[in-house]
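One structure is given here, and the rest of the page talks about it.
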Amino acid sequence: MRNMNVLILATLLALFAAVPLQADDAVATKTVGQLYEESAALEGKQVTVQGEVVKVNAGVMQRNFIHIQDGSGDALRETNNLVITTQDNAAVGDKVMVTGTVVVDHDFGFGYHYPLLVEQASVTRSE
C-alpha cells in the first residue's frame, strides 16, 4: 500500500511539473499594431504598451485622451495610433509606458467612436 501511495504522489508531482504555470492576471506587453491585430482576444484584459505621445485632449468627459504611436501598425488602415483614457497627464513628445484595459468598439456618442481604446490606464514617462 505504501508503494502505491508513493507511486501516486510521484505521478501527481510529475504532472504538476509538466504543466506550465501562468497567472491569469498577467499583463501582456504589446505593440500598438499587435493591439489592433489581437483586439478581439485582448478585450477586457490588462495590457502594457510603450510609445510616444502624439496628441493630448485633456479634461474631456472627466478624463484625458492621450494618443500614442510606437512605429508599428499601418497608417493607411489607421492601426498605428492608440487612444488611451487616463487620469494621468502627459505632453506631446513624451515617451510613455501605459498599462490599462483593452476596450473594443466603444461609442461615447456625439461622433466619438473608437474601434480600440486602452481605458483607465496608468501612464508613466519612460526614457
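Computed values, structure above
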| read-out | value |
| --- | --- |
| Residues of type lysines that Lys95 reaches as a straight line, Cα spacing below 20 Å, ignoring anything fewer than 8 places off in the same chain | Lys30, Lys55 |
| The stretch 23-125, relative contact order [Cα under 8 Å, separation at least 6], % | 28 percent |
| Arg77, Arg125, Arg63 arranged by Cβ crowding within 10 Å, fewest neighbours leading | Arg77, Arg125, Arg63 |
| Packing-based exposure ordering (other Cβ within 10 Å, fewest first) of Tyr114, Tyr36 | Tyr114, Tyr36 |
| Note, ³J(HN,Hα) from phi for the stretch 36-44, Karplus 6.51, -1.76, 1.60, rounded to Hz, x at Gly and Pro | 5, 5, 10, 4, 4, 6, 8, 3, x |
| Relative contact order [Cα under 8 Å, 6+ residues apart], the stretch 30-69, whole percent | 34 percent |
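Only the coordinates and a few stated rules stand behind these numbers; no lab work does. None of the values given here were measured: they were computed from a predicted structure. Every residue, glycine as well, gets a Cβ built from its backbone with ideal geometry; the counts of neighbours run over all protein chains shown.
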